[in-house]
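All remarks here apply to the structure that follows.
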Amino acid sequence: MSDTSDVGDTSNAIDLAHDTKQCSEHLFGYCYGNIITEKYTWQYRHYKGGHCPDEEIDVHLCKRHYEWLYLANGNKKREFIQGRDLTEAIGDDLCSVFSNYDYANKVSYVYKFWYNTETSKVILVNEHSERFDSVMISKGYEKKGMFYYNGKFVIDLSPISWEINSFEKQRQPGNQRYDYKGDNMSSIYRFVLNSEETKASKDDKKDYYNLLPFDIEVNSVLDKWIDERSTFEECLSFITDNMGLKLDKLDFHFYDEEYDKAKEDKAKNEKYFIFKNSCLLENALLINTPESSLELEKLLEKGKISLEVLWIVYVKYNHRLHAPDNEKKITENDILINLFVKFCSKDELIEFLKVAIEGCRNEVTYRQRDFYDYVHTNLYVVKHLVPKYIKHDNIIDSVQNGNYVKLHSPLDFWYHTKNFTWAVYGMGETKHYDYDKDETIHEYLESLNV
């Protein structure tokens, strides 16, 4: 299967009419990316029993429809298509999966996120019509992404804004769910359009059509898909806010005095690619098969792996809150550590070692959740790096102390790392909290000095 990872910003889809090979399914819309051509065997079929020999044909699909088709067919290519002519064989047989409406259940397969900057509402609506969009826009809502979901897989149709992180937070345990009645709450709402409603509501107290609340089934494909994006955003925020890493591609603080729309768009695109590529890397690391090894090689060849992607994956799987149940497959993963070695300069590798020795926490906490918002230490990484790549007596840190600078080896660094945080309560009250250092790392570094 060809690589399908670089689905980028689709707000301005390419003009396929000027391409020498047009996407066979451009009439469905949502085309994006270069044209990919594959051969299929066309089996002529006619309702009167007519017969013609099988014929090998070329089918041209844009990158999005190509990826979509593979997902619909269980991540494999169909060999045969059938119909009495090519229009039927390609449009009705091969590409029927691109239909965006389930006529049997009277429900759209297209979902949209809408965001209201004034009320901070984020809603997810299962509806696809220009009429409904115009109502939402007139009420001050901005569309923040669109995707296709048929119960089995998800396809991004337009870039999903990171405001959906707020949508996911509302779904977490402990956050109260408010019904739509009495629109005076500041919480986040999730609604699906009542497909039987044909007119806009005449009730001025409501923002839009007769909307019915719906819950996303836990552990469903859609639930995991939304959670995956939210987790990425949380890890990204942790890195940029707490870790002080010098990673250009993770610098998304682009709102300066001279607002630059081009700079903002570039940052959003970069963020989207980092997210997609980190997901691909996770899958390759978690599934230890010859196929996953080949996939990892392809990611490296195509330049999909970067230091930013490595840090996202590392932080996610070493984080107290965000690490999945199978985190050990990546927290103690030689391939991931060797990728750090490959992509890091000597100074960057030292930063990686320091994070493994000390972990990383918020310096000041304001909520109970902050006490669990931290990256664990990692003895496995320390053993992998010291002394093979960084000698036990190498200087990895320096601290200004009066008129002289104190130099720290890995062991010295362990002794001098902080193991406390401050909690800030109302009226400026603060309280000091200590936490234990990792003694297993201490014992290992001590053993190297013997």
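Which of the residues that make up segment 100-125 are surrounded by fewer than 18 Cβ atoms within 10 Å (Cβ to Cβ) and either farther than 30 Å from LYS39 by Cα or touching a residue at least 60 places away in the same chain (Cβ under 8 Å) (or both)?
Passing the criteria: ASN100, TYR103, ALA104, ASN105, LYS106, VAL107, ASN116, THR117, GLU118, THR119, SER120.
Against the condition modelled with pLDDT under 95, surrounded by 13 or more Cβ atoms within 10 Å (Cβ to Cβ) and within 21 Å of PHE238 (Cα to Cα), how does ASN419 come out, does it pass?
yes
Considering only residues that are of a type in the set (A, V, I, L, M, F, W, C) and either surrounded by fewer than 19 Cβ atoms within 10 Å (Cβ to Cβ) or over 20 Å from GLU351 (Cα atoms) (or both), which ones fall in segment 275-312?
Once the filter is applied, which keeps residues that are of a type in the set (A, V, I, L, M, F, W, C) and either surrounded by fewer than 19 Cβ atoms within 10 Å (Cβ to Cβ) or over 20 Å from GLU351 (Cα atoms) (or both), segment 275-312 yields PHE275, CYS279, LEU280, LEU281, ALA284, LEU285, LEU286, ILE287, LEU294, LEU296, LEU299, LEU300.
Give me a count of the residues in segment 108-135 that are among the hydrophobic types (A, V, I, L, M, F, W, C) and at pLDDT 80 or above.
Count: 5.
Output the helices (runs of 4 or more DSSP H) that fall wholly within segment 313-399 and possess 1 or more residues being over 24 Å from the mean Cα position of the chain (by Cα) and surrounded by fewer than 20 Cβ atoms within 10 Å (Cβ to Cβ), or say none.
Where helices (runs of 4 or more DSSP H) fall fully within segment 313-399 and carry at least 1 residues being over 24 Å from the mean Cα position of the chain (by Cα) and surrounded by fewer than 20 Cβ atoms within 10 Å (Cβ to Cβ), they are 334-343, 346-358, 379-385.
Among the strands (runs of 3 or more DSSP E) confined wholly to segment 50-123, which include 1 or more residues that are within 28 Å of MET136 (Cα to Cα)?
110-116
Just to be sure before I move on: is GLU88 within 26 Å of SER24 (Cα to Cα), surrounded by 18 or more Cβ atoms within 10 Å (Cβ to Cβ) and of a type in the set (D, E, K, R) in the structure I sent?
No.
The values are calculated or read from the model by the stated rules, or taken from the named source; none is laboratory data. What you see is a predicted model, and the numbers here were worked out from it, not measured in a lab. Glycine gets a Cβ as well: all are built from the backbone with ideal geometry, and neighbour counts include every protein chain shown.
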